[in-house]
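Asks: Once you've had a glance at the structure underneath, I'll fire off some questions.
The values are calculated or read from the model by the stated rules, or taken from the named source; none is laboratory data. The structure displayed is predicted, hence computed values, not measured ones. Ideal geometry is used to build each Cβ from the backbone, glycine not excepted, and the neighbour counts take in all protein chains shown. These accessible areas exclude ligands, DNA and RNA; they are computed on the full protein's heavy atoms, side chains included. Shrake-Rupley method; radii C 1.70, N 1.55, O 1.52, S 1.80 Å.
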Amino acid sequence: MSAMILGGFLFFSVSIGGAIAWIFSKLFQHTTQGLSLLCGGFLVGLLVLDIIPSSFQIYQSFGIILGIFIGYFIFQLLDTLFHASHAQNPSVSLLTLAMIIHTIPISLTVGNLLGNAALSISLTASIILHHVPEGFALSTALISQGERLWRLFIYFFIFSIFFSIFIWFGQYWALPDKAQGILMGISIGLIATASISEFILHQLQKVSFKAFFMYLFLGYFLSYIFHILVE
């Protein structure tokens, strides 16, 4: 199975997540604050239930923790630059960058395993299932910031191209586990800081106390449902 075909499966997977996010955006179309909190709660759940536990199982703790600190400082630097240039949606750009970085270790691993035909079906199923939540998270973030639906597919296409490129690299080049752990930590740091700072704390004074926790809990609960379904 080629890298481009697997990239196509990823595009299909995140598009499913995007479609689910679009449905929820229609339910909350009168409150962008609610959609932002939904996204923040979902991202926190995605980190707590899936990304962080699986990362610490696969990679060394030191590399992940180092990467988290690097990701935090990258967020602070880019956030300052975006706001200094009067960019409207720094959170979307930062989250997109985090998602791309997150796919690098996974893509390289998939590339290393492509020669094993016995793993092709399980790899394909894993790609489809585990990137639906990421498609939902990214889409919710984009929609909450006012992006049009057709632009989501441009983001998904870029996402799948990066995935395919790093799968191709993985067929010929093995990135050391320590470096993969640091990259995963950077992704965790970026996603955590972007979700907490941009999607949660920024909405704290804009909605009532009850609505704040309702949207936040709903987002976390949705991430739990996704976690159960793809486990």
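Asks: Does segment 213-222 contain any residue that is out of contact with any Leu (no Cβ under 7 Å at 6 or more places or on another chain), at pLDDT 80 or above, open to solvent by 10 Å² or more (accessible area, probe 1.4 Å) and under 27 Å from ILE70 (Cβ atoms)?
Replies: yes
Asks: Being under 25 Å from PHE217 (Cα atoms) and modelled with pLDDT of 90 or more is the filter here, so list the residues in segment 63-82 that pass it.
Replies: ILE68
Asks: Report yes if LEU43 is under 17 Å from ILE200 (Cβ atoms), surrounded by 18 or more Cβ atoms within 10 Å (Cβ to Cβ), out of contact with any Lys or Arg (no Cβ under 7 Å at 6 or more places or on another chain) and not hydroxyl-bearing (Ser, Thr, Tyr), otherwise no.
Replies: The answer is yes for LEU43.
Asks: Quick one: in segment 165-175, which of the residues that are open to solvent by 80 Å² or more (accessible area, probe 1.4 Å) and either outside any helix (DSSP H, G or I) or of a type outside the set (Phe, Trp, Tyr) (or both) is nearest to VAL132 (Cα to Cα)?
Replies: Checking each candidate, the answer is GLN171.
Asks: At pLDDT below 80 and surrounded by 14 or more Cβ atoms within 10 Å (Cβ to Cβ), is that true of LEU183?
Replies: Taking the combined requirement at face value, the residue does not satisfy it.
Asks: Another one. State whether one or more residues within segment 108-126 are at pLDDT 80 or above and either open to solvent by 30 Å² or more (accessible area, probe 1.4 Å) or among the polar types (S, T, N, Q) (or both).
Replies: no
Asks: Might you check whether a residue that is touching an Asp or Glu at 6+ places or on another chain (Cβ under 8 Å), crowded, with 19+ Cβ neighbours inside 10 Å and either at pLDDT 85 or above or over 27 Å from ALA211 (Cβ atoms) (or both) occurs anywhere in segment 48-62?
Replies: Within segment 48-62, one or more residues are touching an Asp or Glu at 6+ places or on another chain (Cβ under 8 Å), crowded, with 19+ Cβ neighbours inside 10 Å and either at pLDDT 85 or above or over 27 Å from ALA211 (Cβ atoms) (or both).
Asks: Sticking with this one: Please find, within segment 190-210, the residue that is farthest from ALA98 (Cα to Cα) out of those that are of a type in the set (S, T, N, Q) and surrounded by 11 or more Cβ atoms within 10 Å (Cβ to Cβ).
Replies: For segment 190-210, the residue satisfying everything is GLN203.
Asks: Suppose we filter segment 139-164 for residues that are over 24 Å from GLN57 (Cβ atoms) and either touching a Lys or Arg at 6+ places or on another chain (Cβ under 7 Å) or crowded, with 17+ Cβ neighbours inside 10 Å (or both); how many remain? Please lay out each step first, then the result.
Replies: Our first condition is that a residue be over 24 Å from GLN57 (Cβ atoms); within segment 139-164, this holds for 139-162, 164.
Next cut, either touching a Lys or Arg at 6+ places or on another chain (Cβ under 7 Å) or crowded, with 17+ Cβ neighbours inside 10 Å (or both) only: 139-145, 152, 155-156, 159-160, 162, 164.
Residues that pass the stated criteria total 14.
Asks: Hey, another quick one. For segment 152-189, enumerate the residues that are more than 14 Å from THR103 (Cα to Cα) and more than 17 Å from the chain's Cα centre (by Cα).
Replies: If the condition is that a residue be more than 14 Å from THR103 (Cα to Cα) and more than 17 Å from the chain's Cα centre (by Cα), then GLN171, TYR172, TRP173, ALA174, PRO176, ASP177, LYS178 are the ones that fit.
Asks: Taking the criterion of being touching a residue at least 40 places away in the same chain (Cβ under 8 Å), outside any helix (DSSP H, G or I) and of a type in the set (Val, Ile, Thr), would at least one residue in segment 22-32 satisfy it?
Replies: Yes, that holds for at least one residue.
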